[in-house]
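Undergrad: Have a look at this one.
Values quoted throughout were computed directly from the atomic coordinates according to the rules given, and no laboratory measurement underlies them. All of these numbers come straight from a predicted model, not from anything done at the bench. Note that each Cβ is placed from the backbone with ideal geometry, even for glycine, and that neighbours are counted across all protein chains shown.
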Amino acid sequence: MADIIQLLPDAIANQIAAGEVIQRPASVVKELMENSIDAGATEIRLILKDAGKTLIHVIDNGSGMTDTDLRMSFERHATSKIRKAADLFEIKTKGFRGEALASIAAIAHVDVATKIAGQDLGSHIVIKGSEVRKQEPCQAHTGTSFAVKHLFFNVPARRKFLKSDPVELKHIIEEFQRLALAHSDVFFNLYHNDTELYHLPVANVRQRIIALFGKSLNEELVPVSESTDILSLSGYVSKPSYTKKRKGEQYIFVNNRFIRSAYLNHAIRAAYDEMIAKDSHPLYVLYLVIDPGAIDINVHPTKTEIKFEDERLIYNYIRVSIKHALGQYQVAPSIDFEVDYNFGSRDRPSTGRSDDYDTAGNSGQAKVGGGGYVRQKVDSWEQIYEGLRKDAGGGTEQTPLTLESEIDTTTPNNPYVSSREKKEPYQIHSSYIVSHIKSGYMLIDQQAAHERILYETYLEAIRESSPVIQKELFPNTITLDPKKASLLSSILAEVNNMGFEVSEFGANTFIIYGTPAGLSQIHQSSDLLEQLIDQYASNLELKIGINENIAQSFAVTAGIKRGKKLDTQEMHALIDELFACAVPYKSPTGHKCFVTYDMDDIRRQFVDK
Ligand code: ADP
Ligand code: MG
């Protein structure tokens, strides 16, 4: 029998390889942009037509290529990035397999112009389906302009398999965002069908995150920064109060390479512990830097997977570092997060921000800005003492504010160690509760806190339909205008699940037989219901679910307000219930429930500058 084995022609071999490397337009974008980064570009522009199906064009200001290198770059296994096997264990570039360009050229029309610095002329090449159509000198800027047209023109099955433009564009944007996050020191922009979707000036990581995902994130970011001799972790995680129901922005970069790792994701999630609900997901953008010898990135052709020499160590390191970062934020949430972390914001007096307390609808309330307010109102230390004593509501045994009780008694080398044990909370201006904590003290906004407590209570009641109803002695009727009436009847089931007992009587009238238990008696049931509907109607613009809206509306309507005096028992109950909440940090409408003051910060304010 004759020999039948032959080597595959290059074009076919490349097409087969392309199947592995290039799945969709986004894969081309990734490979081209990574090459630009590897070429040292500081500006990378991405231009797309029809979600990359018609055109993917990457223009960089990197090193460029000589004409020989340009021709060579399309050969399979042609790379400038590794020369010997040992290099494989020291990979510092994005690419190294030398198969991307060969693959892309096998399944598209490719048009490249490139020039290295110091040359007058550049080089231009046109390749269609692995076939070089022309190569000639050309005018060009230093760097590379790489256009890929008609992707999969010769692989109809692949082309058919592509999803709609919005879906393919989404994949591209994901790749783009990853690269942009990994390289905030590089300028990027992205045009799709002549519209600029992203314009990202050179920035620090925080600014880059905000430029990509929105300004509102700024306040939600907690910096992470830990390092040891062998590895370091930096970046940002979201505060526990900011989570998403669906996995949103979650990025881990290992040596600036985006990777997927359920294992590391688990480590990050574990750092939040009980701080966030089970089915919610924090945001994170984290950079792990580790000796390239300790990892293997060569396990997957598209290189988003990675193997660590010691996985457990990395897991624990990440978990502990983030826990630490979150802990610091919790201890000192009043750090001005708008200020870039590198400025050493901890040195700033962080207790003077009156806007921390400026919650909507209470402009008439006294604002308490750190200790400043009290200091202005009284002349001497004794008066502060007296005033607070009165405010303590019922003269408890422990003096609410004494010098030594303000000092952290848990620090062993603290000169002011006090024998006093438990410190009762007390209320100031009938609005805020002062409570001692280990590291200093905490101010709780009673209104925001109570709204949070009620919100979680009612949300659970609605979801579980397990209301606790308080029957009215005499059923109340309420007649609403037609708009409100139809709104109420549309959510009647949920309202009843929450603890109301309301039925429709016809002609826009409803009968109220019962209200949710546990509310103070000051509310007239019909007022309560009408306010709930008003609040619900105005919340409709917020894109939240019906249940969330009803629970939130009712929490705001029925919650205790600032200005209400609370006794010690009520304060204890409020504090306990607040910290039993899944998300104690913010009211359902997004106001802070408490602010903590760190003894270190307080002491610092008394140090002469
Ligand atoms: P790899 O990136 O794995 O080396 P590629 O097929 O992606 O393989 O690229 C082949 C070679 O072409 C690279 O090693 C590099 O030398 C060169 N190259 C590709 N794109 C660029 C670019 N934008 N600027 C400069 N050189 C480039
Ligand atoms: Mg490459």
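Undergrad: Taking neighbour Cβ counts within 10 Å as the exposure measure, how do Val28, Val434 sort from fewest upward?
TA: Val434, Val28
Undergrad: Additional query: Enumerate the amide H contacts of Ile469 below 5 Å, restricted to partners 5 or more residues apart or on another chain; note that Pro and chain-start residues carry no placed amide H.
TA: Ala517
Undergrad: Grab the alpha carbons of the range 461-609, take their convex hull, and tell me the volume per residue in Å³. Don't jump to the answer; show the numbers that get you there.
TA: Numbers: hull volume 24.1 nm³, N = 149.
With only Cα atoms used, the range 461-609 gives 162 Å³ per residue.
Undergrad: While we're here: What is the distance in Å between the Cα centres of the range 176-223 and the range 258-278?
TA: 23 Å
Undergrad: Ok, one more. Net charge near Val58: determine it from the other residues with C-beta under 12 Å of the C-beta of Val58, scoring Lys and Arg +1 and Asp and Glu -1.
TA: Net charge in that neighbourhood comes out at -4.
Undergrad: Where a Cα-Cα gap under 25 Å defines reach, which lysines qualify for Lys247, not counting those fewer than 8 residues away within the same chain?
TA: By straight Cα distance, Lys247 reaches Lys30, Lys163, Lys170, Lys215, Lys239, Lys278, Lys303, Lys307, Lys323, Lys543, Lys586, Lys592.
Undergrad: Gain in length, Ala493 to Ser430, computed as 0.36 nm per residue apart minus the alpha-carbon separation, to one decimal in nm?
TA: So the chain would gain 19.0 nm between Ala493 and Ser430.
Undergrad: Can I ask one more? Tell me, how many Å apart are the Cα centres for the range 569-608 and for the range 75-143?
TA: Value for the Cα centre distance between the two parts: 58 Å.
Undergrad: Please arrange Leu70, Leu288 by how many other C-beta atoms lie within 10 Å of their C-beta, fewest to most. Write out the running numbers ahead of the final one.
TA: Values: Leu70 21, Leu288 25.
Neighbour counts put them in this order, fewest first: Leu70, Leu288.
Undergrad: Provide the gained length on full extension for the span Tyr513 to Glu131, in nm with one decimal, where the gain is 0.36 nm per separating residue minus the Cα-Cα distance.
TA: That pair, Tyr513 and Glu131, stretches by 129.3 nm at full extension.
Undergrad: Provide the net charge surrounding Lys134, with neighbours chosen by a C-beta distance below 11 Å and charges set as Lys +1, Arg +1, Asp -1, Glu -1.
TA: Once all neighbours under 11 Å are counted, the net charge is -1.
Undergrad: What ³J(HN,Hα) values, in whole Hz, does the Karplus curve 6.51 cos²θ - 1.76 cosθ + 1.60 give for the range 25-30 when θ = phi - 60°, with x put for Gly and Pro?
TA: Per residue, the Karplus-derived 3J(HN,Hα) values read x, 4, 5, 5, 4, 4 Hz.
Undergrad: Once the piece of chain linking Ser232 and His324 is laid out straight, how much longer is it, given 0.36 nm per residue of separation minus the C-alpha distance between them?
TA: Full-extension gain reported as 31.7 nm.
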